Amino acid sequence: MADLPEPFTSRPYRAGDAAALTALYNAVEVHAGGHAGYVDDETEAVIAATIVDVETDSRLVFSPDGELVAAGAVAAPPTGGYRIDAYGGVMPQWRGRGLGRAVFDWQIGRAREIYQAAGSPTDWIFETGTIVGDDSAIRLYERFGGAPSRYFFEMVAPAKDNSRPAPEGLRVQPYQPAFERTLYDAHMEAFSDHWGFQKREFDKWVGFTVRSDVFRPDLSRLAFDGDELVAYVLTYNDADPERVYVGQVGTRRPWRRRGHAGALLADVLAGAAASGKGFVYLSVDADSPTGAVGLYEGAGFATETTSVDYRFAL
């Protein structure tokens, strides 16, 4: 990695690095005022699903005694996609040594290589994000010419039984593997009009959702209108044993604005309480055109932190 200050060294991500990388992610979140919710299995699943080649598209930085102090990865767009994403960060106690600058310089350089190799498509973008309170990360992104492109709310609600009957005509049930393909198709349809959405291949998507080790089928809900899957809520374990994380909430367009997602969320909150959890956590686009923020507020969620995506010219 060019410009990496001495005596630090770098190499690509390897099997067995997930625990150290997860600890770095959580330290960065806490430093910015967020929640340490990442777990090792989630880190492994996301890397497997989004990083094409860890040898060329990831870098871990180590101190002389072998401590992981910084990391960066670059996720090329899926087939038909348009956005290159950057992941990573620097351990708070190791900031101010030029590590973030070296890692991000490598990331944006690698993103440009991917972009040029694809023929420099005119509609491609490069983005990364951080919690609004992470001032040093924001200064770094602005130094590289980045500009805010979108804001997101991380919201949390107390787990409690305020469930209600399913909307008339709907059948609600926990997730079952038999519905894997049906769920994938419904999700790709439901999110096709969401900001920043990129359609991922079936095997990639299920790898970090319903086939991941942190997925909670017992706390996930599917709603059917006859044989049609019309809405769903997918839930995952969090590093905090008091919490679970709602990763995906979707309603197909013909069934929107009927209270389906709210009813499913209420059922998930009740299920979480019954399983001994104290809180349910999720993230939402602050400008969601589907009215998701109001939906979650109505279900008892309140904003815990705000994060921002930064966009860079390729």
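Given the condition of a type outside the set (S, T, N, Q), part of a strand (DSSP E or B), out of contact with any Phe, Trp or Tyr (no Cβ under 6 Å at 6 or more places or on another chain) and surrounded by fewer than 18 Cβ atoms within 10 Å (Cβ to Cβ), answer yes or no: does some residue in the stretch 246-268 qualify?
As a first pass, look at the stretch 246-268 and keep what is of a type outside the set (S, T, N, Q): 246-247, 249-250, 252-268.
Then keep just the ones that are part of a strand (DSSP E or B); that gives 246-247, 249-250.
With out of contact with any Phe, Trp or Tyr (no Cβ under 6 Å at 6 or more places or on another chain) added as a condition, the list becomes 246, 249.
Now narrow it down to the ones that are surrounded by fewer than 18 Cβ atoms within 10 Å (Cβ to Cβ): none.
Within the stretch 246-268 (the criterion being of a type outside the set (S, T, N, Q), part of a strand (DSSP E or B), out of contact with any Phe, Trp or Tyr (no Cβ under 6 Å at 6 or more places or on another chain) and surrounded by fewer than 18 Cβ atoms within 10 Å (Cβ to Cβ)), the answer is no, since none of the residues qualifies.
It is to be established whether one or more residues within the stretch 115-123 are buried (at least 21 other Cβ atoms within 10 Å of the Cβ) and at pLDDT 95 or above.
In the first step, residues of the stretch 115-123 are kept if they are buried (at least 21 other Cβ atoms within 10 Å of the Cβ); the result is none.
No: the stretch 115-123 contains no residue that is buried (at least 21 other Cβ atoms within 10 Å of the Cβ) and at pLDDT 95 or above.
Would you point out which residue out of Gly37, Gly33 is within 14 Å of the chain's Cα centre (by Cα) and farther than 30 Å from Tyr115 by Cα?
Gly37
Restrict the check to the stretch 166-173 and report whether at least one residue is exposed (fewer than 14 other Cβ atoms within 10 Å of the Cβ), assigned to a strand (DSSP E or B) and in the same structural domain as Ala263 (by TED's automatic domain parsing).
Just the residues of the stretch 166-173 that are exposed (fewer than 14 other Cβ atoms within 10 Å of the Cβ), to begin with: 168-169, 171, 173.
Filter once more, keeping what is assigned to a strand (DSSP E or B): 171, 173.
Checking the rest, the ones that are also in the same structural domain as Ala263 (by TED's automatic domain parsing) come to 171, 173.
Scanning the stretch 166-173 turns up at least one residue that is exposed (fewer than 14 other Cβ atoms within 10 Å of the Cβ), assigned to a strand (DSSP E or B) and in the same structural domain as Ala263 (by TED's automatic domain parsing).
Looking only at residues that are hydrophobic (A, V, I, L, M, F, W, C) and surrounded by fewer than 17 Cβ atoms within 10 Å (Cβ to Cβ) in the stretch 4-19, which one is farthest from the chain's Cα centre (by Cα)? Walk me through how you get there before you give the answer.
Taking the stretch 4-19 first, the residues hydrophobic (A, V, I, L, M, F, W, C) are 4, 8, 15, 18-19.
Add one more test, that the residue is surrounded by fewer than 17 Cβ atoms within 10 Å (Cβ to Cβ), and what stays is 15, 19.
Numbers: Ala15: 21, Ala19: 18 Å.
Filtering the stretch 4-19 for residues that are hydrophobic (A, V, I, L, M, F, W, C) and surrounded by fewer than 17 Cβ atoms within 10 Å (Cβ to Cβ), the one farthest from the chain's Cα centre (by Cα) comes out as Ala15.
Restricting attention to the stretch 134-165, and to residues there that are under 25 Å from Ala32 (Cβ atoms) and of a type in the set (D, E, K, R), which single residue is surrounded by the most Cβ atoms within 10 Å (Cβ to Cβ)?
Asp134
Do you know which residues across the stretch 217-237 are crowded, with 23+ Cβ neighbours inside 10 Å and either among the hydroxyl-bearing types (Ser, Thr, Tyr) or outside any strand (DSSP E or B) (or both)?
Once the filter is applied, which keeps residues that are crowded, with 23+ Cβ neighbours inside 10 Å and either among the hydroxyl-bearing types (Ser, Thr, Tyr) or outside any strand (DSSP E or B) (or both), the stretch 217-237 yields Leu219, Ser220, Tyr232, Thr235, Tyr236.
Would you point out which residue out of Asp238, Asp213, Asp227, Asp185 is under 26 Å from Phe279 (Cα atoms), of a type outside the set (A, V, I, L, M) and more than 15 Å from the chain's Cα centre (by Cα)? Talk me through it step by step, then tell me what you get.
Details: Asp238 fails: more than 15 Å from the chain's Cα centre (by Cα); Asp227 fails: under 26 Å from Phe279 (Cα atoms); Asp185 fails: under 26 Å from Phe279 (Cα atoms).
Just one listed residue meets the conditions, Asp213.
Take Leu21 and decide whether it is touching a helix residue (DSSP H, G or I) at 6+ places or on another chain (Cβ under 6 Å), closer than 22 Å to Asp105 by Cβ and not in a loop (DSSP other than H, G, I, E, B). Even if it seems obvious, please write down each step before you answer.
Numbers: touching a helix residue (DSSP H, G or I) at 6+ places or on another chain (Cβ under 6 Å): yes; closer than 22 Å to Asp105 by Cβ: yes; not in a loop (DSSP other than H, G, I, E, B): yes.
Against the criterion (touching a helix residue (DSSP H, G or I) at 6+ places or on another chain (Cβ under 6 Å), closer than 22 Å to Asp105 by Cβ and not in a loop (DSSP other than H, G, I, E, B)), Leu21 qualifies.
Mind listing whichever residues of the stretch 177-216 are among the β-branched types (Val, Ile, Thr), closer than 30 Å to Tyr310 by Cβ and in a helix (DSSP H, G or I)?
Narrowing the stretch 177-216 to residues among the β-branched types (Val, Ile, Thr): 182, 206, 209-210, 214.
If we keep only those that are closer than 30 Å to Tyr310 by Cβ too, we end up with 206, 209, 214.
Correct list: Val206 only.
Give me the pairs, please: first residue somewhere in the stretch 296-310 and at positive phi, second residue anywhere and surrounded by fewer than 18 Cβ atoms within 10 Å (Cβ to Cβ), beta-carbon distance under 7 Å, and either six or more positions apart or on two chains.
Listed by first residue and then by second, the contacts come to Gly300/Pro158.
Restricting attention to the stretch 243-276, and to residues there that are in contact with a helix residue (DSSP H, G or I) (Cβ under 8 Å, 6 or more places away or on another chain) and charged (D, E, K, R), which single residue is modelled with the highest pLDDT?
Of the stretch 243-276, the ones in contact with a helix residue (DSSP H, G or I) (Cβ under 8 Å, 6 or more places away or on another chain) are 244, 246, 248-253, 261-262, 265, 268, 271-272, 275.
Now drop any that are not charged (D, E, K, R), which leaves 252-253.
On the way: Arg252: 95, Arg253: 92.
For the stretch 243-276, the residue satisfying everything is Arg252.
Hey, among the residues in the stretch 40-88 that are within 23 Å of Asp134 (Cα to Cα) and of a type in the set (Phe, Trp, Tyr), which one's surrounded by the most Cβ atoms within 10 Å (Cβ to Cβ)?
Tyr87
The values are calculated or read from the model by the stated rules, or taken from the named source; none is laboratory data. Everything numeric here is computed off the predicted structure, so don't read it as measured data. All Cβ positions, even for glycine, are placed from backbone atoms using ideal geometry, and neighbour counts span all protein chains on display.
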